[in-house]
Amino acid sequence: MKETIGEKIKRLRKEKGLTQENVHNNQSQISQIESGRITNPDENTLLLIAKNMEIPFDELINDTTWEKPEAASIGKEIAFSPAAFDIEIDDSLNIQWSNRSFPLYNEKGEKNEYCPYSGLKLIDKCEKCGRSVEKIDQTHCFGCGNQINENHILPVIFTEILSDNYTITEYESCKDAITELTFEHDGYEYLLKLMEIMIAVDDTKALVEKWENNNKDEFGRVRSTSANILLKNLYSQAAKGIKPGILVYCGVAFTIQALSAGIKKLKSVMKGLNPTEGLTVDETKARLFQRVAGNIDDYLSNQGDESFGYALSLFHSLSKKTDDEELMSKMQSTLNDLKENSEDGNSETAAENETEHDSNNAKNEDDKKSEND
């Protein structure tokens with residue numbers, strides 16, 4: 001007659017002079033197995049027991065009543081990715097996330113061991129006691145309470161944007177938030193690529209020397225403040241021969257995915273916002289002035305005819321409706337200076353083409369004043 005798996009574990013343990021704690025970190029679980037309250041423990045638990053008893057797994061289960069719970073494994077057991085996440089942001093910009101989960105076995109009974117997105121090893125059991133992961137939203141082990149998944153922290157700028165009510169109520173605020181999140185996303189994404197290079201090489205010291213000699217501006221591309229601080233720390237460690245850890249890598253991957261989710265959500269929010277909805281006349285005018293200033297800045301930076309023309313067009317539109325003569329005078333002076341300092345006449349021509357009617361009227365008024373003088 002075959003032994004139960006509990007009976008055999010107890011017999012072998014005593015033969016080897018071992019305690020329950022010697023063969024399993026969770027003494028309560030091993031006690032339940034030996035007493036028969038757990039009749040068919042999962043394979044991962046038995047693998048750990050066999051390892052601690054220094055015997056092959058097949059020897060442990062041979063001639064026992066234990067059967068591999070294949071159906072249960074395929075249907076219920078799951079594994080988490082340490083670097084891929086499911087992130088949800090609701091209409092109030094509340095965010096929730098969890099590590100992406102996968103079935104531990106496919107339909108053929110083959111075990112899924114690596115994340116298909118990051119290539120990192122999946123988490124399918126507790127490192128402390130060996131108990132299998134059983135629930136999609138599980139963060140701690142059922143057997144010993146050990147934390148299974150790491151906690152990750154969102155960048156401060158991200159939490160500030162999500163907590164700002166104007167982000168989802170004002171068009172321009174939402175647009176600005178998208179720009180800021182995109183800026184952060186690009187910085188972290190480039191940081192992740194540099195980390196992957198650091199992890200892949202055998203000698204990080206030599207890599208750092210190469211970067212210092214040939215790519216001094218390489219790190220300048222990581223313009224996000226928080227990402228740049230992290231990069232400097234990783235760079236310092238790499239100069240000592242220390243590669244980025246998996247925990248840091250997964251944290252950066254989480255940040256990138258969170259920022260992507262935020263950008264996607266805000267783009268959907270912005271579609272439902274009116275650029276001037278909820279704004280007073282003065283507030284609307286102020287927003288338009290900001291756009292004019294932005295286009296002037298673009299012109300100064302790029303000498304772009306089109307951006308200057310657009311700025312001038314907005315200016316003429318506003319000049320007819322504002323009572324703030326002093327502000328308008330300053331704006332007019334700025335535009336005149338830009339026109340006089342332009343290296344060629346293309347910008348002025350383009351501006352006049354875009355706003356032919358308003359520009360011609362303004363020019364005629366100026367001519368009349370000159371004649372009268």
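All of the numbers you see were taken from the coordinates with simple rules; none came from a lab. Fair warning: this is a prediction, and the values are worked out from it, not measured in the lab. As a convention, Cβ positions derive from the backbone with ideal geometry for all residues, glycine included, and neighbour counts pool all protein chains shown.
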- Query: Can you list residues whose amide H is under 5 Å from T64's amide H, if they're 5+ apart or on another chain and H is modeled 1.01 Å from N?
  - Reply: none
- Take the alpha-carbon positions of segment 1-98, form their convex hull, and give its projected area averaged over all directions (one quarter of the hull surface) in nm². 9.2 nm²
- Task: Can you find, among S81, S101, C126, the residue farthest towards the positive end of the dipole of segment 69-151? Put +1 on the C-beta of Lys and Arg, -1 on that of Asp and Glu.
- Result: C126
- Item | Which listed pairs, of K8/K121; K68/K243; K135/K175; K68/K121; K10/K128; K111/K135, have C-alpha distances above 28 Å, in listed order | K8/K121; K68/K243; K135/K175
- Query: If you line up the Cα atoms of segment 121-260 on their principal axes, what length do they span on each, largest first, in Å?
  - Reply: 51, 50, 17
- Among L46, L259, which comes first, then next, by fewest other beta-carbon atoms within 10 Å? L46, L259
- Give a residue-ordered list of calculated ³J(HN,Hα) values for segment 253-266 (Karplus: 6.51 cos²θ - 1.76 cosθ + 1.60, θ = phi - 60°; whole Hz; x for Gly, Pro). 4, 4, 4, 4, 5, 5, 5, 4, 5, x, 4, 4, 5, 5
- Any idea what Rg and Dmax come out to for segment 69-151 if you just take the C-alpha atoms, in Å? 13.5, 44
